[in-house]
2 protein chains.
Amino acid sequence: MNLPSLDSIETPAALVDVDRLELNLQKAAAYVRDHGLRWRPHTKTHKVPALAARQLEAGAAGVTVATPREAEVMSAVAEDVLLAYSPVGASKLARLMALPRRVRLSVALDSHEALAGLREAARASGRTVGVLVELEMGMRRVGLPSPEGAVALARDASESEGLDYQGVMFYPGHIRMPLKEQGPALAEVSRRLGTFLEALEAAGLKPGLVSGGSTPTLWRSHEVVGMNEIRPGITPFFDRASLWMGVCGAEEVAYSVLATVVSTAVSGQAVIDAGSKALAKEELPVGGYGVLGDRPEVEVRALSEEHGMLDLSRTTWRPRVGERVRVVPNHVCVSVNLQDELWAVRGEQVMGRWEVMGRGRGPV
Amino acid sequence: MNLPSLDSIETPAALVDVDRLELNLQKAAAYVRDHGLRWRPHTKTHKVPALAARQLEAGAAGVTVATPREAEVMSAVAEDVLLAYSPVGASKLARLMALPRRVRLSVALDSHEALAGLREAARASGRTVGVLVELEMGMRRVGLPSPEGAVALARDASESEGLDYQGVMFYPGHIRMPLKEQGPALAEVSRRLGTFLEALEAAGLKPGLVSGGSTPTLWRSHEVVGMNEIRPGITPFFDRASLWMGVCGAEEVAYSVLATVVSTAVSGQAVIDAGSKALAKEELPVGGYGVLGDRPEVEVRALSEEHGMLDLSRTTWRPRVGERVRVVPNHVCVSVNLQDELWAVRGEQVMGRWEVMGRGRGPV
């Protein structure tokens, strides 16, 4: 492949530092090894099969996906695919059942309706689909809030032809705070999870798999009693939210958006050609939508669709029109979802190009 | 083309009501006709050449675009293309110069650096490019804040071989308030614009084109003294922000995202399969990220990537898992940018499918 020089790549463009990526993969792999956790990274973050393949090589047991398209794309490299979302509706179910037979597919759900649809689809296609019963752990988004509800759904799954009840899943997305402050919230998750596990065991439905965790809580996953699998998505790349929570250091952030300064006409700021259609609008308690990788005192103060406003109030740096910068966005997953491609870089050298194949909704 | 039934379309999916679309086009066309305004609609909203063609048929003089890709895509149907953003960098300039020769290309910019790059590219390619000098009108994003600066750049443009100084452009994006409250802000824009126009005229650089306006101020565009062109983007579709500002009524919103209820496990809410990767996160002073088209009392209270949380606190409606809803997002442009395609519908009937061709960054 004929690779362009970094200078010639049109902005905005997404860059991935391959050395940092590799270190991040190894660090996550070592953590799960040390703590005896199963690792099924969420590939919604990168949406690139080649990166999922690297995670599998590094020790991942399978991959997690968010959509039928991601399941299709990742099936090219993974034998074990977890759709961590209720597949509701004929089209989604049909696409899942049409995945290659070598793929062990499992699905998370929290309703008898979703279970009935999946059972019907599995039966019709003659394939066996794993089921994880989703539990509510404090985020109040999806998941069954009561042990009784979880037992009833687990029983329904375990008695369903074509379905394989494998265990439970949860996502503690409400724990979005600095790593050091998470102790009480994690203890509460352990306590709450315990009541579910107890009820399931008492009903003869002890879950083999207890899949949980998040990127914010990544390095404290071992504190959640009973959890034996984690599904972090952001770890290969990290982002400004991870930085803010202390999940990574500045030298570990592998993802950035290369942008060009296009206007300095209004004093006190510089405007770049990366806006909400490249960085994505995602709020953080610290304010702003991103930060320059090599100038952390310069924040992206505001975003419109094609413009990012760099706040120059805390720097003496005055960029000229045409100068390029690398921006670390608040939330990498939604920024990647706006890219056609990711450029693998080592310093100023372009090492490769990955198409964001899992982006979009249609069949591959 | 073999069109699917609406029921069989996988969610989330973007729908466009073709009857409302047509009425919206006619209403905008009648307004600009009545007020003698040139109309160059911003196609970043829909990114679909067939829709730009409809706008041109309805009376648009040309189209506005945000990126080289949009310029390429829209060149298939438009003879007059305005890139309303400074093109900085060799790649963008090369793509613009490679547009079909029949296209009259113009560009907005606010710096001598951007002008120099454009002049060089125009000279090298042997094409003439129109230039609009961008003015700052209170939004403090881009644009020259002083009449002296505008005169200097207009002079530079008018004396540049290969460039055709055509006038000035501005975007009063700071006027985001209900239509009825905009009077004082519009008067201030008129006053400020007057000082620029006076200075340019005094310097012998009277602008032929004074291009301004926005969707929030759309129906009051004629109050801006001296403005002779508008470039609204959102008018064919409208959105929740337009509703909130009174720019349109509920029966005029043509765009919605079809979504499926996937979880009702947590009380007080229903979770749909349209999250920030389908609706986009964009805040409004009224809170929430969207509203159901036919149940305005039901708001999308929160978004995660693949989930939208419908707030059921102000309704007795209790949807079941599998039920479908149509969501009007806060900001249609960023939602369209997340779609592969738009489905044209009339009631429950699918009338057509438009690929969102202008999405992404790469060459067509």
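The values are calculated or read from the model by the stated rules, or taken from the named source; none is laboratory data. Owing to the predicted nature of the structure, the values given are computational and were not obtained by experimental measurement. Cβ sites come from the backbone with ideal geometry, for glycine too, and all protein chains shown count toward neighbours. Please note that ligands, DNA and RNA were not included when accessible areas were found on the heavy atoms of the full protein model with its side chains. Shrake-Rupley method; radii C 1.70, N 1.55, O 1.52, S 1.80 Å.
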Top-ranked residue of region A:25-47 - restricted to ones that are open to solvent by 10 Å² or more (accessible area, probe 1.4 Å) and assigned to a loop (DSSP other than H, G, I, E, B), ranked as nearest to A:Ala14 (Cα to Cα) | A:Lys44
Residue that is surrounded by the fewest Cβ atoms within 10 Å (Cβ to Cβ) [pool: residues in region B:135-146 that are free of Cβ contacts under 8 Å to residues at least 40 places away in the same chain and not aliphatic (A, V, I, L, M)] | B:Ser146
Of A:Leu96, A:Leu105, which residue is in a helix (DSSP H, G or I) and either open to solvent by less than 10 Å² (accessible area, probe 1.4 Å) or modelled with pLDDT of 95 or more (or both)?
-> A:Leu96
Residues in region B:344-359: is at least one under 25 Å from A:Gly288 (Cβ atoms), open to solvent by 10 Å² or more (accessible area, probe 1.4 Å) and more than 8 Å from every other protein chain (Cβ to nearest Cβ)?
-> no
Give region B:269-316 a look and list any residue that's within 11 Å of another protein chain (Cβ to nearest Cβ), open to solvent by 20 Å² or more (accessible area, probe 1.4 Å) and either among the hydrophobic types (A, V, I, L, M, F, W, C) or outside any loop (DSSP other than H, G, I, E, B) (or both), or say none.
-> B:Arg301, B:Ala302
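Determine, yes or no, whether B:Glu323 is in contact with a Leu (Cβ under 6 Å, 6 or more places away or on another chain) and surrounded by fewer than 20 Cβ atoms within 10 Å (Cβ to Cβ). Walk me through it before giving the result.
Details: in contact with a Leu (Cβ under 6 Å, 6 or more places away or on another chain): no; surrounded by fewer than 20 Cβ atoms within 10 Å (Cβ to Cβ): yes.
So B:Glu323 fails the test.
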Scan (1) in contact (Cβ under 8 Å) with a residue 40 or more places away in the chain; (2) out of contact with any Pro (no Cβ under 9 Å at 6 or more places or on another chain); (3) closer than 25 Å to A:Arg240 by Cα; (4) not in a loop (DSSP other than H, G, I, E, B) for the single condition A:Ala185 breaks and write down its number.
-> (2)
Could you tell me whether any residue of region A:62-75 is charged (D, E, K, R), away from chain B (no Cβ under 14 Å) and more than 30 Å from B:Pro68 (Cα to Cα)?
-> no
Answer with yes or no whether B:Ala78 is in contact (Cβ under 8 Å) with a residue 40 or more places away in the chain and either open to solvent by less than 10 Å² (accessible area, probe 1.4 Å) or of a type in the set (A, V, I, L, M, F, W, C) (or both).
-> no
Counted residues in region A:155-187 being open to solvent by 10 Å² or more (accessible area, probe 1.4 Å) and more than 28 Å from A:His112 (Cβ to Cβ) come to 10
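Taking B:Arg140 as the residue in question, decide whether it is basic (Lys, Arg), farther than 22 Å from A:Asp7 by Cβ and more than 14 Å from chain A (Cβ to nearest Cβ). Full working, then the answer.
Numbers: basic (Lys, Arg): yes; farther than 22 Å from A:Asp7 by Cβ: yes; more than 14 Å from chain A (Cβ to nearest Cβ): no.
Criteria not met by B:Arg140.
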